[in-house]
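Beneath this line is the structure, given in structure tokens, with notes to follow.
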Amino acid sequence: MAYVAMARKWRPQSFSDMVGQEHIAKTLQNAIEGGRLHHAFLFTGTRGVGKTTSARILARTLNCKGGDPLHPCGECDSCKDIASGNPMDVYEIDAASNTGVENIRDVIERVQYPPVIGKYKVFIIDEVHMLSTGAFNALLKTLEEPPPHVIFIFATTEVNKVPQTILSRVQRFDFKRLTMEQIRSRLRYICEQEHINASDEALDIFAEKADGSMRDGLTYFDQAYAFTGSDMTAESVRSILGIPPVELFFSLIQAIENHDLKGCFKMVDDAVKIGIEFAPLLDGFGKFLRNMIYSRLDAFTADELNITEELFTKYKSSAQGIGNGDLLRLSKMLIDLQANLRYSTNPRLVVETTFARMAWLDRLTDLKRALAAINDPKSAADEAVKKKVAEVAQALEAEPGSSATYSRYEIAAAWPSICAGFADDGDLYFSAAMAGTVLETGDPHENPFPIALTFVGETSKNDSWNFQQLQEHPEFMTRLQNVLEDKLQTKISLSVKTRAFTEAERIMRENAKKTPYQLDKDREPLFEKIEEMFAAELVYSVAVKKETASMAQDDLEEDNDN
């Protein structure tokens, strides 16, 4: 008997066999039992999560003549007909190779004939998003009012490409990506049934590489089984699938920590010697960095990361000289490398030089603290600290993008735009408390830099609403100090004060309330006299274009010359 691939041999045959899609199985079972079955379904999700398999299970379940309405018997005429691979009542169409209107017209023609063996005639259209616009339009009428014996099941990996006119006529089911635990459990069950001795670590490798796809996991499992036979070890699985061992990445991160360029080149050479391709090498290093970050932050446990406690501890204790910010920077460089690698004619050189750049870089320094130290040299108690501050200052001069948002001379004038940003961020209460205030700064050479949040009113005694809010919410001052220090990148001394309007401010406030016509009358007393002589009233005004005004002025000057 010909060998049957694991993905086909262990394909689910009923809803109870479906892994990871229990929410869909339960919904369909309830619809069948309650007689509330829709005439058209759309199954969407990533590859290998069971869309087409579920469509076939639904077709078998609906047409089975056995006693159980939810579990196909496999013995009746309909079940045997479907199992034959060329059923009379179930039509599978690959829309990727049958995209045209004529293919859909053939479907429409078949729709009118009743089923031969079962109760329903089921049409399964895989990758339905590949149909042409004309094909979708031809299907609309039939999809909206199909005969009672017809069920449509569409499957797609790109639901965003399906027209809204189709989506509004179908019942949509979103298939989830399978978790590593679900894939691992299914593979363990298959090993027990096939009498295969596989280590837990080996199954973890399959589950991780499957990336949420049960079909991919079974395909990798089948590939390894052909190589290892009934005894699967993690080492043999890594060898056949080309997965780099984690020890390579520990050696690489150590070389990066020690600025050891030679160690980086050696790691790449070791990977090449054992047959590791660059794509899985970079993928593996990305997962390594992710696990290291999560381990340090205690964001996940060892079980959640699918690693041993020993490895979890090693992640936390390794490369202590590389901070979390450095790990994020290395991750960004790795992402850029993966994006550019496909276009390179010399991928090994690109990989080696990128790893060398990672090792060449200095470690990140807290920018705010460094700038605070620069602005307050007293905090640099010894020569070593002073030297480090000087190095940071030099680095900042070389990187204009890392400078402060505003200088000490600009912050007061920029205060209105900073206040506007509070409202843009959605914190209207804090924004209202800051409204109407001004910033007054002290000596720009003093450290910490003195800044006063000033409430200005008719008198120096201010009892306005926003001033009261600041008194009732001391956390507002803490937040404001953080905002200003972030804008200035230096330590500040923040205080609150009140004062009365200056004469210039009072005039500006009064002018702000006047209309443009009133301002014109203040500047030109002649307007006031004309208004009194003719009892004139302003109806509307028109802004004079600059060019027109200039021409009028030239004409006036010419008349005066004549």
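Name the single residue that is surrounded by the fewest Cβ atoms within 10 Å (Cβ to Cβ) among those in the stretch 420-440 being among the aliphatic types (A, V, I, L, M) and modelled with pLDDT under 80. Across the stretch 420-440, the extreme among qualifying residues is L428.
Yes/no matrix, rows are residues, columns are (1) touching a residue at least 24 places away in the same chain (Cβ under 8 Å); (2) in a helix (DSSP H, G or I); (3) farther than 23 Å from R184 by Cβ; (4) of a type outside the set (F, W, Y):
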{"position": "F265", "(1), (2), (3), (4)": "yes, yes, yes, no"}
{"position": "G286", "(1), (2), (3), (4)": "yes, yes, no, yes"}
{"position": "E304", "(1), (2), (3), (4)": "no, no, no, yes"}
{"position": "I307", "(1), (2), (3), (4)": "no, no, no, yes"}
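Criterion applied to R110, R56, R47 was being closer than 27 Å to D216 by Cβ, part of a helix (DSSP H, G or I) and open to solvent by 50 Å² or more (accessible area, probe 1.4 Å), and the one residue passing it is R56. Scanning the stretch 113-127 for residues being in contact with a helix residue (DSSP H, G or I) (Cβ under 9 Å, 6 or more places away or on another chain) and either buried (at least 20 other Cβ atoms within 10 Å of the Cβ) or among the aliphatic types (A, V, I, L, M) (or both) gives a total of 10.
Would you confirm, using the coordinates I've provided, whether A339 is modelled with pLDDT under 90, exposed (fewer than 15 other Cβ atoms within 10 Å of the Cβ) and part of a helix (DSSP H, G or I)? For A339, the condition - modelled with pLDDT under 90, exposed (fewer than 15 other Cβ atoms within 10 Å of the Cβ) and part of a helix (DSSP H, G or I) - is met. Here E33 passes the criteria (1) within 35 Å of the chain's Cα centre (by Cα); (2) not in a loop (DSSP other than H, G, I, E, B) except the one numbered (1).
Suppose the filter is of a type outside the set (D, E, K, R) and touching a residue at least 12 places away in the same chain (Cβ under 8 Å); does F300 pass it? I'd like the intermediate steps shown before the answer.
Details: of a type outside the set (D, E, K, R): yes; touching a residue at least 12 places away in the same chain (Cβ under 8 Å): no.
No, not satisfied.
Of the residues examined, I104 is not one that is in a strand (DSSP E or B) and either small (G, A, S) or open to solvent by less than 40 Å² (accessible area, probe 1.4 Å) (or both). Residue under question is L305, and the condition is that it be open to solvent by less than 20 Å² (accessible area, probe 1.4 Å), more than 20 Å from G323 (Cβ to Cβ) and touching a Lys or Arg at 6+ places or on another chain (Cβ under 9 Å); does it hold? Taking the combined requirement at face value, the residue satisfies it.
Go through the stretch 275-302 and count every residue that is exposed (fewer than 13 other Cβ atoms within 10 Å of the Cβ) and in contact with a Lys or Arg (Cβ under 9 Å, 6 or more places away or on another chain).
Final tally of qualifying residues: 1.
Scanning the stretch 472-497 for residues that are surrounded by fewer than 17 Cβ atoms within 10 Å (Cβ to Cβ) and not in a helix (DSSP H, G or I) gives H473, P474, S493, S495, V496, K497. For I492, the criteria (1) over 51 Å from the mean Cα position of the chain (by Cα); (2) closer than 21 Å to W415 by Cβ hold in every case but one, which is (1). The residue of the stretch 441-471 that is surrounded by the most Cβ atoms within 10 Å (Cβ to Cβ), among those that are among the aromatic types (F, W, Y) and touching a Leu at 6+ places or on another chain (Cβ under 9 Å), is F449. Would you confirm whether or not the stretch 161-169 contains a residue that is open to solvent by 20 Å² or more (accessible area, probe 1.4 Å) and in a strand (DSSP E or B)? No, the stretch 161-169 has no match at all. Against the numbered list (1) assigned to a loop (DSSP other than H, G, I, E, B); (2) without any contact (Cβ under 8 Å) to a residue 24 or more places away in the chain; (3) surrounded by 19 or more Cβ atoms within 10 Å (Cβ to Cβ), C79 comes up short only at (1).
Does L178 count as open to solvent by less than 60 Å² (accessible area, probe 1.4 Å) and out of contact with any Ser or Thr (no Cβ under 8 Å at 6 or more places or on another chain)?
Working: open to solvent by less than 60 Å² (accessible area, probe 1.4 Å): yes; out of contact with any Ser or Thr (no Cβ under 8 Å at 6 or more places or on another chain): no.
No, not satisfied.
The number of residues in the stretch 222-263 being crowded, with 18+ Cβ neighbours inside 10 Å, in contact with a strand residue (DSSP E or B) (Cβ under 8 Å, 6 or more places away or on another chain) and free of Cβ contacts under 8 Å to residues at least 60 places away in the same chain comes to 2. Screening H71 with (1) open to solvent by 50 Å² or more (accessible area, probe 1.4 Å); (2) more than 26 Å from P147 (Cα to Cα); (3) in contact (Cβ under 8 Å) with a residue 24 or more places away in the chain gives one miss only, at (2). Considering (1) closer than 21 Å to D94 by Cβ; (2) open to solvent by 10 Å² or more (accessible area, probe 1.4 Å); (3) hydrophobic (A, V, I, L, M, F, W, C); (4) more than 29 Å from the chain's Cα centre (by Cα), the lone condition that M130 does not fulfil carries the number (4).
In the set (1) in contact with a Leu (Cβ under 7 Å, 6 or more places away or on another chain); (2) surrounded by 15 or more Cβ atoms within 10 Å (Cβ to Cβ); (3) modelled with pLDDT under 90, the condition left unmet by A356 is number (3).
The set of residues in the stretch 63-103 that are farther than 20 Å from D126 by Cβ and among the hydroxyl-bearing types (S, T, Y) contains only S78.
For the stretch 133-155, a tally of residues being without any contact (Cβ under 8 Å) to a residue 40 or more places away in the chain, in contact with a helix residue (DSSP H, G or I) (Cβ under 7 Å, 6 or more places away or on another chain) and of a type outside the set (A, V, I, L, M, F, W, C) returns 3.
The values are calculated or read from the model by the stated rules, or taken from the named source; none is laboratory data. Treat the numbers as computed from the prediction; the structure is a model and nothing was measured. Because the Cβ atoms are built from the backbone with ideal geometry, glycine has one as well, and the counts that use them run over all protein chains shown. Note: areas computed on protein heavy atoms with side chains; ligands, DNA, RNA excluded. Shrake-Rupley method; radii C 1.70, N 1.55, O 1.52, S 1.80 Å.
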